[in-house]
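Presented below is the structure to which this report refers.
The values are calculated or read from the model by the stated rules, or taken from the named source; none is laboratory data. None of these values were measured; they are calculated from a predicted model. FYI the Cβ positions are ideal-geometry reconstructions off the backbone, even for glycines, and counts take in every protein chain you see. SASA here: full protein model, heavy atoms, side chains in, ligands and nucleic acids out. Shrake-Rupley method; radii C 1.70, N 1.55, O 1.52, S 1.80 Å.
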Amino acid sequence: MSAAAPYDLTICRDSDELAHKAAALIAQVASESIRRRGRFTLALAGGSTPKATYALLADPSKQFVIDWSRTFLFFGDERHVPADDERSNFRMARETLVAKVPLSTEQVFPVDTRFDTAAECAAEYGQTLAAFFATRPHAFPALDLILLGLGDDGHTASLFPGAAALSEVDKVVTWSPPGVLPPPVDRVTLTFPALNAAEQVAFLVAGAGKAPAVRDVLVGDANVHDRPAVGVRPKSGRLTWLVDAAAASLLER
Ligand code: 6PG
């Protein structure tokens, strides 16, 4: 699989502008989704890049208005750690966003990481998503928006280079052993068909360390096993890349 699918690319001055543009995109998709379907289903990305975006969404003094009463939050991936562990993506989202906006527990769907194995956590999360979206067996839910990050190695969600999870085409959620980047814990992740069923996918990428992966994925001829983000090709949805200048520094302009 060669370079990324058709995409909209916005190069931001710095990570702060990236956060503002990401928050604006999320608010715009929320408004459109609620207008058209009466609800907004959003999968959050983990890691550190999205923190500033989540903080803007949670700040009532900012201009990013979201009807939280019609919003439902999910997670693109999770580490197999307790929900209060500092490595937990849910903990990061709770601290930056979930605990600061009017969402009930019935509107937030973290991965239940209390099972003994990541595989069990993945199976449970798949059932959670199937129940919420009422998807038929072997079908994939169409979330309104999935946020993704990009690792220096070109991974996204917890789809790591060379991992068996890259080949999962039947399940919505699977598990993976850790990749080469920290933290070295098993993961639970949405699969490529789940990501590619979304109405819209948005990558949020900042920092010079990501520049080689951004180049390889967007304009190189990288394959999905080396740079898994290449595999994010929404079947009918929109693909958006929000990249700061440092991460875009190896793109020809
Ligand atoms: C995770 C994320 C992962 C992350 C990238 C980028 O669980 O860590 O899902 O895919 O988005 O590794 O992470 P940073 O934003 O911290 O660079």
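Tell me the GluC sites (Glu not before Pro) within the stretch 98-128 that lie in a loop according to DSSP and have at most 14 other beta-carbon atoms within 10 Å. The partial results should precede the final answer.
Numbers: sites: GLU106, GLU120, GLU124; in loops: none.
Nothing satisfies the criteria.
Toward the positive end of the charge dipole of the chain, with +1 on the Cβ of Lys and Arg and -1 on the Cβ of Asp and Glu, the farthest Cα among THR191, THR105, GLY126 is that of THR105. Separation of the stretch 38-66 from the stretch 199-239 is 21 Å, based on Cα centroids. Normalised by the number of residues in the stretch 168-253, the mean separation of alpha-carbon contacts (under 8 Å, six or more apart) gives a relative contact order of 33 percent.
Farthest toward the positive end of the dipole of the chain, out of LEU145, VAL173, ILE66, is the Cα of ILE66, where the dipole comes from beta carbon charges about the Cα centre.
Carbon and sulfur atoms: what percent of the 1.4 Å accessible area of the stretch 148-207 do they account for?
58
Charged side chains reduced to their Cβ positions (Lys and Arg at +1, Asp and Glu at -1) give the stretch 114-253 a dipole of some 300 debye around its Cα centre.
Accessible area of ILE34 (1.4 Å probe, protein heavy atoms only, ligands and nucleic acids ignored): about 30 Å². Of all DSSP bridge pairs formed entirely within the chain, close to 25 percent run antiparallel. On a per residue basis, the stretch 1-66 carries 49 Å² of accessible surface, using protein heavy atoms and a 1.4 Å probe.
If Lys and Arg each add +1 and Asp and Glu each add -1, what is the summed charge of the other residues whose beta carbon sits under 15 Å from the beta carbon of HIS155?
For residues surrounding HIS155, the net value is -4.
Of the GluC sites (Glu not before Pro) found in the stretch 1-89, those that fall in a DSSP loop while having at most 14 other beta-carbon atoms within 10 Å are GLU86. When the chain is treated as a GNM with alpha-carbon contacts under 10 Å, the residue of PHE160, PHE140, PHE64 showing the greatest mean-square fluctuation is PHE64.
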